[in-house]
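**Q** Right, I'll just put the structure down here and ask away after.
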Amino acid sequence: MSENLAIVILNWNGKSWLEKFLPSVISHSQNAEVYVIDNFSIDDSVNFLQTQFPTVKIIINDKNYGFAGGYNEGLKSIDAKFYCLLNSDVEVTENWIEPVLNLFKKDNQIAAIQPKILSFTNKIYFEFAGAGGGLIDNLGYPYCRGRVFDDVEENKGQYDDETEIFWASGCCLFIRSKDFWEQNGFDDRFFAHQEEIDLCWRLKNSGKKIYYTGKSKVYHVGGGTLNKQSPQKTFLNIRNNLSMMLKNLPFPSLIWVLILRMILDGAAAFYFAYKNGLSHLWAVLRGHFGFYSHIPGTLKLRQNNQIKKYYQTDWLIFKHFLGNKKG
């Protein structure tokens with residue numbers, strides 16, 4: 001075993017992705033165990049895996065728990081020192097595991113690591129979901145080295161380093177199992193989107209480090225389950241981002257950040273409606289109502305959290321849209 005590493009792919013009706021990308025995972029991960037957690041698919045995924053990839057271990061959830069809950073449920077059955085949570089629409093490359101494990105060995109305080117994430121469809125560019133490592137600004141907006149909002153950089157070696165980041169992308173997240181379970185895993189109320197940012201924030205609050213290594217790279221298709229333009233994605237991102245801040249931000253920052261976000265989200269709702277249709281305006285409103293319904297549970301989780309000020313000291317949204325700043 002490669003330092004007791006389990007590569008774990010969450011699948012929901014993703015037979016075509018498994019058929020396309022699972023061979024690269026098996027080929028380049030010969031010293032690790034490969035698992036697929038099936039999130040109650042209704043396509044032929046499970047039968048396909050059993051017949052075509054008999055060495056892959058399959059865990060079948062009894063319903064679709066979403067990304068967050070699906071991993072929480074499935075990982076209960078996997079005994080490993082390290083997990084690699086890998087999207088089904090990711091192509092891995094030769095020697096993608098060793099740099100990550102070497103980095104874990106260097107520092108026991110590193111809880112999670114992500115590799116360089118490039119676009120599968122245009123391989124000279126970074127990919128939206130993770131790029132060169134995740135960061136967050138003063139108002140809780142996530143962005144990446146190599147990707148600010150929808151602007152994505154070409155890969156020219158500018159992020160070939162190894163450095164501490166704020167959050168590691170859930171599309172290819174290496175994490176110590178001990179640290180994952182000490183934080184009780186993902187917040188399964190999130191269902192999908194930004195649950196990895198929330199987990200990384202909680203890990204940082206507990207004194208752990210989140211790292212990026214440019215010595216490992218993978219290629220991600222992106223939008224395999226929910227397209228970037230999906231109103232449901234807008235809803236989940238708004239609701240989960242607000243809940244994450246309520247859970248993790250210290251007072252008094254929390255108060256003024258939430259007030260500013262209410263104003264900016266209102267403006268964003270009309271912008272989304274103009275750009276993508278009225279369904280996105282409704283999605284923003286649903287996101288806020290979803291956040292309000294989460295408040296009692298979020299406050300209970302906040303009581304158990306070690307709140308610290310770990311977010312970035314930058315005003316990304318103002319610099320980007322008013323100052324035409326790309327990152």
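**Q** What three numbers, in Å, describe the spread of the alpha carbons of the chain along their principal axes, ordered from the longest?
**A** Taking the Cα atoms of the chain, the three principal extents are 53, 42, 41 Å.
**Q** Per the Kirkwood definition applied to all pairs of different Cα atoms, how many angstroms is the hydrodynamic radius of segment 78-182?
**A** On the way: mean 1/r = 0.0692 Å⁻¹.
Hydrodynamic radius (Kirkwood, Cα only) of segment 78-182 equals 14.4 Å.
**Q** Could you tell me the distance between the Cα centroids of segment 83-122 and segment 148-180, to the nearest Å?
**A** So the two Cα centres are separated by 9 Å.
**Q** Can I ask one more? Pop a pseudo-label 7 angstrom from the Cα along the beta-carbon direction at both residue 109 and residue 181 and give the gap in nm to one decimal.
**A** Simple spin-label model gives 2.5 nm for this pair.
**Q** Could you compute the FRET efficiency for residue 158 and residue 271, with r as their C-beta to C-beta distance and R0 at 35 Å, rounded to 0.05? Spell out each step's value before the answer.
**A** Details: r = 30 Å, r/R0 = 0.85.
Here the calculated transfer efficiency is 0.70.
**Q** Continuing with this model, one more query. Would you kindly compute the Cα radius of gyration of segment 231-318 and its largest Cα-Cα separation (Dmax), both in Å?
**A** 13.7, 41
**Q** Given the -39500 (n - 2.57) contribution per DSSP H run of 4+ residues, what per-residue ellipticity at 222 nm results for the chain, rounded to the nearest 500 deg cm²/dmol? Mind showing how you got there, number by number?
**A** Numbers: 10 runs with 131 residues, N = 327.
Rounded to the nearest 500, the figure is -12500 deg cm²/dmol.
**Q** While we're on this one: Using 29 Å as the Cα-Cα cut-off, could you pick out the over-long pairs in 156/319; 57/308; 15/217? The partial results should precede the final answer.
**A** Details: 156/319 24 Å; 57/308 39 Å; 15/217 24 Å.
Among 156/319; 57/308; 15/217, the Cα-Cα distance tops 29 Å for 57/308.
**Q** Moving to a separate point now. Mind giving me the FRET efficiency for residue 95 and residue 48? R0 is 22 Å, r the Cβ-Cβ distance, nearest 0.05 is fine.
**A** Values: r = 28 Å, r/R0 = 1.28.
It comes out at approximately 0.20.
**Q** I've got another one for you. How many nm is it between the label spots at residue 293 and residue 125, if each spot is 7 Å from the Cα in line with the beta carbon?
**A** Calculated label separation equals 3.6 nm.
Each reported figure results from applying straightforward, stated rules to the coordinates on display, with no laboratory input. No experiment lies behind these values; they were computed from the predicted model shown. Cβ atoms come from the backbone with ideal geometry, glycine included; neighbour counts cover every protein chain shown.
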